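Reviewing the structure listed below.
Just so it is clear, none of the values below were taken in a lab; they were calculated from the coordinates. Computed from a prediction, not measured in an experiment: that's the story for all the values here.
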Amino acid sequence: MKHLPFALALLGIALSPSTSASVFTIPQFVEYKSWAVGLEPEATLSSSARGSGQGVAFNAKFTYGITPLSNLQIGVGPGSGNRTFRFGGTYSFDFIPDLSGQIGAGLAAQAYYFNLRDSSGRTEILAYPYVHKRFTSSSGLEFDPFIAIPYGIGFANGSYDSLWQLAFGSYFKTSEHIGLNTELGLSLKNADTYLCLGISYRD
């Protein structure tokens with residue numbers, strides 16, 4: 001609890017006043033009954049016909065370890081593209097832990113609502129199968145590269161379409177409580193291509 005004021009301050013910065021949706025911090029697993037907060041500036045590089053349009057967003061995320069094998073994450077953020085605001089949640093299940101001699105793997109389910117400038121709004125429901133593996137460099141830096149294939153359905157204006165992406169990047173543990181993440185998402189079908197950088201604080 002001694003770190004709670006710092007965590008709340010970081011979350012407050014993230015929520016203060018400018019969205020797309022990055023995949024990770026999903027596989028950077030938060031331990032049971034622990035939590036993390038993060039801020040992720042994000043740039044949409046190109047958009048599909050059904051995408052959000054080019055723009056910049058700032059995503060705030062709070063993650064909690066609800067069981068030894070699963071996390072719940074809440075996200076919120078405003079942006080400068082067609083998606084002016086979004087709110088949603090992600091449940092992740094790390095069914096193959098990242099242990100010595102094996103690659104970690106899991107599955108996440110995500111639902112987000114997006115407020116759009118040019119229509120009433122859009123809801124996206126996605127699944128995220130992912131794999132990741134933690135390494136430590138000779139200098140002692142711990143990093144955790146990942147790859148995922150998000151897919152699902154988007155609903156807007158009484159119609160729906162299928163979504164596919166390829167996302168990859170890495171998490172870097174810079175200290176006991178602070179970490180950095182990078183992520184590139186590539187559109188495979190009806191989705192955006194984006195670049196995301198982030199910083200997170202862990203209890």
Exercise. Which distance in Å, rounded to a whole number, links the C-alpha centroids of the stretch 61-133 and the stretch 169-186?
Worked result: 16
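Compute the relative contact order of the stretch 63-203 as a whole-number percentage, counting only Cα pairs closer than 8 Å that sit 6 or more residues apart in sequence.
Numbers: 345 pairs, mean separation 18.4, N = 141.
Relative contact order comes out at 13 percent.
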